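Here's the structure, in structure tokens; my notes come after.
The values are calculated or read from the model by the stated rules, or taken from the named source; none is laboratory data. Small disclaimer: the values here were computed from a predicted structure and weren't measured. Counting neighbours? That spans all protein chains shown, and the Cβs are built from the backbone with ideal geometry, glycine included. Protein only, heavy atoms only, side chains kept; ligands, DNA and RNA dropped before computing areas. Shrake-Rupley method; radii C 1.70, N 1.55, O 1.52, S 1.80 Å.
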Amino acid sequence: MSENKAKTITTLNRYPDRGSYTKESIYRILDCSFLCNIGFVDENANVFVMPTMYVRVGNKIYIHGSIGSRMMKLLSNGKKACITVSMVDGLVLAKSAFSHSLNYRSVVIFAHGEKVTKSDEKFKIFAALTNKILPNRWDFVRQPTEHETKITEVIGFNLDEASAKTRTGFPVDKEIDQQFDTWSGIIPCELTYSEALADSKNKTQLPIYIKNFLSKKF
């Protein structure tokens with residue numbers, strides 16, 4: 001994925017200076033989240049966009065779901081998908097309504113699904129996704145049974161057709177709008193987690209790895 005790549009479906013037309021096609025920039029954004037939206041078309045030409053969790057392992061992202069799911073059935077058979085990941089970093093408040101914006105990070109991926117069939121490979125993805133959501137969690141939970149593994153589809157998507165796009169910085173107002181006595185600037189946004197609430201049947205003290213997780217900023 002070169003910055004000088006030939007024009008393809010991933011090429012940015014709107015604000016191309018905000019884009020990047022390098023693996024490093026794409027991986028960096030993907031690794032900051034675990035929620036994506038997957039767009040696909042079914043056999044009746046109906047368009048769907050579904051939210052689901054993912055994890056990146058190497059040059060692929062992986063999703064999982066029930067073998068009975070319409071989305072998983074279609075994508076496991078090689079249906080091409082458009083996958084997006086986005087995060088808001090700030091509200092950009094300009095002096096004019098037209099110039100308001102967001103600071104954000106985003107990735108768009110086009111790829112055919114590849115079904116993971118081996119149980120040991122599925123386990124690696126289960127572990128990676130569990131630890132992506134909460135680091136070290138996999139080692140402290142009951143791991144999937146053979147039956148649970150069989151009824152769960154795991155699908156990988158190659159990242160060769162992908163682009164990243166970001167916006168940073170302050171509002172860009174027209175010179176004529178500078179006369180307005182209106183506050184302009186940025187209100188930063190960040191993901192935070194609140195206090196952990198124990199299940200009513202829980203008898204275990206909050207472990208240190210969760211305490212450490214809650215003390216981090218994202």
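Quick notes
- Residue match in segment 5-25 (condition: part of a helix (DSSP H, G or I), open to solvent by less than 50 Å² (accessible area, probe 1.4 Å), in contact with a Lys or Arg (Cβ under 6 Å, 6 or more places away or on another chain) and modelled with pLDDT under 95): no
- Residue 42 vs. criteria in contact (Cβ under 8 Å) with a residue 60 or more places away in the chain and acidic (Asp, Glu): no
- Condition broken by residue 152, with the remaining ones in (1) touching a residue at least 40 places away in the same chain (Cβ under 8 Å); (2) over 26 Å from residue 80 (Cα atoms); (3) out of contact with any helix residue (DSSP H, G or I) (no Cβ under 6 Å at 6 or more places or on another chain) satisfied: (2)
- First in segment 116-128 and of a type in the set (D, E, K, R), second anywhere and assigned to a helix (DSSP H, G or I), Cβ under 9 Å, 6 or more apart: 122/149
- Among the residues of segment 169-184, those identified as touching a residue at least 60 places away in the same chain (Cβ under 8 Å) and under 11 Å from residue 96 (Cα atoms) are 171, 172, 173, 174, 177, 178, 180, 182, 183, 184.
- Of all residues in segment 161-172, none are in contact with a Leu (Cβ under 9 Å, 6 or more places away or on another chain) and open to solvent by 80 Å² or more (accessible area, probe 1.4 Å).
- Residues that are open to solvent by 80 Å² or more (accessible area, probe 1.4 Å) and either under 30 Å from residue 15 (Cα atoms) or among the β-branched types (Val, Ile, Thr) (or both) number at least 1 in the following strands (runs of 3 or more DSSP E) confined to segment 43-154: 47-53, 80-93, 101-116.
- Hits in segment 26-42 (condition: of a type in the set (A, V, I, L, M) and open to solvent by 20 Å² or more (accessible area, probe 1.4 Å)): 35, 41
- Restricted to segment 119-153, and to residues there that are farther than 27 Å from residue 215 by Cβ and of a type in the set (Val, Ile, Thr), the residue that is nearest to the chain's Cα centre (by Cα) is 125.
- Conditions (1) open to solvent by 100 Å² or more (accessible area, probe 1.4 Å); (2) assigned to a loop (DSSP other than H, G, I, E, B); (3) closer than 25 Å to residue 139 by Cβ: number failed by residue 211: (2)
- The single condition among (1) open to solvent by 60 Å² or more (accessible area, probe 1.4 Å); (2) β-branched (Val, Ile, Thr); (3) in contact with a strand residue (DSSP E or B) (Cβ under 8 Å, 6 or more places away or on another chain) that residue 186 does not satisfy is (1).
Matching residues to (1) closer than 26 Å to residue 133 by Cα; (2) basic (Lys, Arg):
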{"site": "42", "(1), (2)": "no, no"}
{"site": "63", "(1), (2)": "yes, no"}
{"site": "70", "(1), (2)": "yes, yes"}
{"site": "78", "(1), (2)": "no, no"}
{"site": "86", "(1), (2)": "yes, no"}
{"site": "97", "(1), (2)": "no, no"}
